[in-house]
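Shown next, in structure tokens, is the structure this report addresses.
All of the numbers you see were taken from the coordinates with simple rules; none came from a lab. Here the structure is a predicted model, which means the values were calculated and not measured. Here Cβ is always computed from backbone atoms with ideal geometry, including for glycine, and neighbour counts include all displayed protein chains.
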Amino acid sequence: MQRRLPSLVLFLAAIAATALYHPRNASATLPEGYKSTSLAMGRFGEIDVSSYFPRGPAREKNEQLWMSLQRTKGPSDLYIQSNVWQPGGTTGWHTHPGHSLIIVTEGTVTEYGSDDPQCRPHIYTQGMGFVDHGGDHIHLIRNESPVPASTIALQLIPQGTERRIDAPPPRNCHL
């Protein structure tokens with residue numbers, strides 16, 4: 001028994017160390033009460049465009065300058081997505097490899113972002129638009145209203161990449 005005891009202790013210590021220090025894959029949250037449909041997808045080569053309107057309206061001694069820049073290295077895919085949430089529906093936590101321009105076409109959606117330490121809600125109603133920066137910006141969009149909600153999203157991503165990347169819930173957002 002004395003010969004087995006050190007081996008048993010070593011074996012149990014190895015199990016404990018593995019359990020405590022083995023990196024775990026946190027589970028991603030799945031969409032629920034939410035459906036995304038691709039309406040169109042187009043392929044683009046490298047993009048290098050800039051538009052500006054140098055004489056914007058003057059506002060309190062501050063001349064406004066409207067500018068739009070888009071530059072990519074390598075080919076891209078542009079998706080037009082229709083997204084629909086039932087009341088209480090959620091996208092689940094996720095990100096995208098590129099940015100999205102989103103327009104609320106019906107109802108109200110609420111976005112929560114992992115980059116906000118207080119995980120404050122950002123509420124968008126019909127006719128409003130917002131930007132999802134993608135990349136490291138992990139977010140969740142929910143319908144917290146009693147009626148359906150919908151958006152149209154334009155997503156520009158590197159060609160051939162997955163459009164959506166599921167993610168575990170961030171530590172700062174306990175929804």
With a Förster radius of 30 Å, plug the Cβ-Cβ distance of Thr161 and Phe53 into 1/(1 + (r/R0)^6) and report the FRET value to the nearest 0.05.
0.40
Rounded to two decimals, the Debye log10 I(q)/I(0) of region 30-166 (Cα scatterers, no solvent) at q = 0.10, 0.14 Å⁻¹ is -0.39, -0.73
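With only Lys, Arg, Asp and Glu charged, each at its Cβ (+1 for the first two, -1 for the last two), find how big the charge dipole of region 30-166 is about the Cα centre; round to the nearest 20 debye. Intermediate results must be reported in sequence, preceding the final value.
Values: 11 positive and 15 negative charges, 66 e Å.
Computed charge dipole of region 30-166: roughly 320 debye.
Run the numbers for Leu154 and Ile103: contour at 0.36 nm per residue of separation, minus the present Cα-Cα distance, in nm.
17.5 nm
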Log10 I(q)/I(0) at q = 0.12, 0.21, 0.30 Å⁻¹ for region 65-128, from Debye over equal alpha-carbon scatterers, is -0.45, -1.15, -1.43
